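Below is one structure, written out as C-alpha cells, with a few remarks after it.
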Amino acid sequence: MSAKVEQIVKALQETLFMTFASLLFTVIFGIMIGILLYITQSKGLYQCKVINRIVDLIVNILRSIPFIILMILVVPLAKMLTGSLLGAKAAIPSLVIAASPFYARMCIIAFNEVNKGTIEACKAMGASNFEIIYKVLIPESLPALISGVSLTAISLVSYTAMAGAIGSGGLGNLAYLYGSVRRDEVVLFISTILIVIIVFVIQFIGDYIVMKIDKR
Amino acid sequence: MIELKNVSKIYHTPNQIIRAVDDVSLTIKDHEIFGIIGFSGAGKSTVIRLINQLETQTSGEVYIDGVNMKELSLKQLAKKRIKIGMIFQHFNLMWSKTVFQNIELALEIANVKKEDRKEKVMKLIQLVGLIGKEYSYPSQLSGGQKQRVGIARALANDPDILLCDEATSALDPQTTFAILDLLNDINHKLGITIVMITHQMEVVSKICHRVAVMSEGKVIEEGSVQDIFQHPKHEITKVFVSSVSSTSEVSDLMTSLKKMYPTGHIIRLNFTGDISNKAILANVMKHTGVEISIINANITSSQQGPIGILYCHITEAFCNQLDVVVNHLKQEGVIVEVL
C-alpha cells in the first residue's frame with residue numbers, strides 16, 4: 001500500500017512540476033508573441049503586415065496540430081534541449097510549444113479590449129511605444145491576462161496527462177497504467193480526484209486574483 | 001502660436017476618397033481660447049489631432065511656435081507632446097490606476113524624479129478641486145470628476161497648449177459649466193492657450209475668444225465670438241447661433257411674432273458687451289416718447305459680456321417715428337434690424 005502512496009505522491013509532484021514549469025515559459029512566450037501580433041496588426045504601434053501574417057500563420061498551425069501528434073513531432077527538439085527522451089523534464093518543450101500559441105491568442109484578445117482612447121491619451125502625453133506597452137497595455141489588460149493564465153494552466157494539466165503516453169510520468173500516466181492496464185480502480189479514482197482538485201485550485205486562485213485587481 | 005497652413009487629410013477607402021480636412025488654414029494666438037465648432041463628421045476631431053500629430057496631414061504644414069511639426073523625429077515629437085496637454089470626451093483615464101497614479105503617469109512619462117512627483121500631483125489635485133479623491137479609482141468618480149482628473153493629467157507638465165476634444169459633450173449641463181469655469185480659470189491663471197472642439201454653441205459662447213466654424217472638412221467662417229454671433233454669414237453658422245437662442249429656429253419665431261402682431265413694426269435689437277448694462281431702451285422711450293414693448297428676449301453670456309437679442313414691437317400710432325427710434329438706438333451702439 002505504501003508503495004502505491006509513494007507512487008501517487010511522485011506522480012502528483014511530476015504533474016505539478018510539468019504544469020507550472022511549462023506554464024512559466026508559456027506565459028513568457030505567449031505574452032511576447034501576443035505583443036508582437038498586437039503591435040504589428042493594422043493600425044498597431046508598429047504596423048507590419050508581413051510579420052503579422054507570418055506569426056499569425058505559425059500560431060494557427062501550432063494550434064491546429066493535436067497535442068498527441070505535436071508531442072511526437074517535438075521529440076528530437078526535446079532531446080536536444082533537455083538531453084533526455086523520458087521523464088517530466090523532457091515533456092516541457094512540447095507542452096510549451098502547444099500552450100504558447102493558445103495563450104498568445106488570449107493575450108491578443110486581452111490587448112484589443114484595452115480602450116483605444118486610453119492609448120491615444122498616453123501617446124498625446126508623449127509616451128514612447130515601449131512605455132505604452134508596459135505602462136498602459138499590460139496593466140490595463142491584466143485581469144484578462146490573468147484569467148488567460150488560469151485557463152492555460154488548466155489546459156496544461158490535461159496536456160500533462162497525455163504526455164504520459166511518451167513516458168513523462170505524472171498523474172495521467174499513473175491513472176492510465178493502473179486503471180487501464182492493471183485494473184486498479186482505487187489508484188484510478190485517486191489520480192482523477194487529484195487532477196480535479198488541481199484544476200479547481202488553479203481556477204479559484206485565478207478568479208480570486210482577477211477579482212482583487214479589477215477596479216473597473 | 002499654432003499655425004495650420006493649407007492642411008489637408010485625405011483617407012482612402014476601397015470605395016471612395018474622404019477629405020476629412022480640406023485645405024484648412026488657421027492661426028491660433030498664444031493665451032487665447034479658440035473654439036472649433038461643427039457637426040459630427042465636419043473634420044474638427046482630425047484638425048485638433050493634427051496639432052499634436054496624433055494624425056499626420058496628407059499635405060500642408062503645422063507649425064507650433066515656428067517649429068514645423070512634420071520635421072520632428074519621433075523622440076522630438078514625444079518631447080513636444082509633453083508640452084501639449086489633451087483632454088477627451090470620454091476622459092480616457094486608466095481604470096487600473098488611482099486618481100493620483102493617473103496624474104503621476106504624465107510626470108513619469110516626462111521623466112520627472114519620483115521625489116518631485118508627489119508634491120506636483122497634490123498641487124494639481126488641489127487645482128482641479130479633487131482633494132480627498134487621490135486614492136479613488138476612476139470607476140468611483142462621476143463624469144465631471146473624471147474630466148477633472150483628465151485636466152489635471154493634461155496640465156501635469158505645465159503645457160503651453162491644452163487641446164480639448166469635445167471635453168464637455170459627455171457631461172450634463174451643470175457639470176459642463178463647472179468644467180468650463182475651470183478651463184477659463186486655468187486660461188487666466190496659467191495663460192495656457194486652449195483649443196477646443198465642440199458641437200455645442202453654448203460652450204463657444206461661454207469661454208471662447210475666437211471661433212472657427214467647420215463643415216465638410218473646411219473652415220467656413222472664422223472670427224471673434226461676438227462677430228460670429230452678431231453677423232453669422234454661413235447657413236451652418238446661423239444654425240449654431242440660433243441653437244443658443246431660446247427658440248431653436250429664428251424663422252419660426254419670426255412667423256409666430258408676425259402673426260401675433262400683424263400691425264405696427266417689429267424690430268430686432270442686438271446688444272453686446274458694455275452697452276447691455278445701460279438703460280438704453282428706457283432712455284429712447286423718454287427722449288422720443290415712443291412706446292416700445294418687448295415681445296421676446298434672449299440673453300446669452302459670453303467672454304465679452306452678455307449678448308442680448310430683443311424683439312420689440314412699436315404700434316401703428318408711432319410708425320412715423322420709427323426712423324427716429326432706430327437712429328437713436330444705433331447711436332447707442334445697438335444693432336437694429338427692422339423686420
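Here is how the numbers come out for the structure above:
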item	result
Selected from B:ILE82, B:ILE267, B:ILE48 as most flexible by GNM, with chain B as the system and alpha-carbon contacts under 10 Å	B:ILE267
Whole-number D in µm²/s for chain B (Stokes-Einstein; Kirkwood sum over Cα pairs; 25 °C, 0.890 mPa s)	110
Protection-proxy order for peptides B:311-319, A:32-40, each taking the mean of Cβ atoms within 10 Å per residue, highest first	A:32-40, B:311-319
Computed helical MRE - 222 nm, chain A, DSSP H runs ≥ 4 contributing -39500 (n - 2.57), nearest 500	-26500 deg cm²/dmol
Neighbour count of at most 15 Cβ within 10 Å plus DSSP loop: longest trypsin sites (Lys or Arg not before Pro)-free window in chain B	B:114-232
Alpha-carbon centroid distance for the pair the range B:172-221 / the range B:28-63, whole angstrom	14
Computed [θ] at 222 nm, helices only, for chain B once each DSSP H run of length n ≥ 4 contributes -39500 (n - 2.57)	-11000 deg cm²/dmol
Averaged over A:109-116, number of beta-carbon atoms from partner chains that fall within 10 Å	1
Under-5 Å amide H pairs with B:GLY264, H placed in peptide plane, nonlocal only	B:GLU316
For chain B: relative contact order, % (alpha-carbon pairs under 8 angstrom, 6 or more apart)	18
Phi to ³J(HN,Hα) by Karplus 6.51 cos²θ - 1.76 cosθ + 1.60 over the range B:318-330, Hz, x for Gly, Pro	9, 4, 5, 9, 4, 4, 4, 4, 4, 4, 4, 5, 5
Averaged over B:94-105, number of beta-carbon atoms from partner chains that fall within 10 Å	4
Whole-Hz couplings from phi, Karplus 6.51/-1.76/1.60, listed for the range B:86-101; x for Gly and Pro	9, 10, 10, 4, 9, 6, 6, 8, 8, 5, 7, 10, 6, 3, 4, 5
Förster radius 25 Å - calculated FRET efficiency between B:GLN230 and B:GLN331, Cβ distance, rounded to 0.05	0.90
Peptide-level mean, for B:9-19, of C-beta atoms on other protein chains within 10 Å	0
Estimated distance in nm for a label pair at A:PHE25 and B:GLU115, the labels positioned 7 Å out from Cα along Cα-to-Cβ	4.6
Rounded FRET efficiency, nearest 0.05, which uses the C-beta distance separating B:TYR11 from A:LEU73 and R0 of 41 Å	0.35
Farthest toward positive dipole pole in the protein assembly as shown [+1 Lys/Arg, -1 Asp/Glu at C-beta], among A:SER94, A:TYR46, B:ILE125	A:SER94
Length gained when the stretch A:ASN129-A:VAL181 is fully extended (0.36 nm per residue, less Cα-Cα span)	13.1 nm
For the range A:3-213: relative contact order, % (alpha-carbon pairs under 8 angstrom, 6 or more apart)	27
Calculated FRET efficiency for the pair B:SER243/A:ARG53, C-beta based, R₀ 45 Å, to 0.05	0.35
Cut-off under 5 Å, modelled amide H: who pairs with B:ILE33 long-range	B:ILE194, B:HIS209, B:ARG210
Two-decimal ratio, the protein assembly as shown, of alpha-carbon radius of gyration to 2.2 N^0.38 Å	1.40
Residue-wise HN-Hα coupling along the range B:225-236, computed from phi with Karplus coefficients 6.51, -1.76, 1.60 (Hz; x: Gly, Pro)	4, 4, 4, 4, 5, 7, 10, x, 9, 7, 4, 5
All-pairs Cα distance distribution in the range B:44-162, expressed in whole percent, bin size 5 Å	2, 11, 21, 21, 17, 13, 9, 5, 1, 0
Rotationally averaged projected area of the range A:3-213 (alpha carbon convex hull; nm²)	13.1
Most to least packed among A:151-159, A:76-84 [average Cβ atoms within 10 Å]	A:151-159, A:76-84
Added length on full extension, which subtracts the Cα-Cα distance from 0.36 nm per residue, B:ASP30 to B:THR56	7.1 nm
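No value in this document is a laboratory result; all are computed from the given coordinates. Every value quoted in this text rests on a predicted model; they were computed, and no experiment measured them. When we count neighbours, we look across all protein chains shown, and the Cβ atoms used for this are built from the backbone with ideal geometry, even at glycine.
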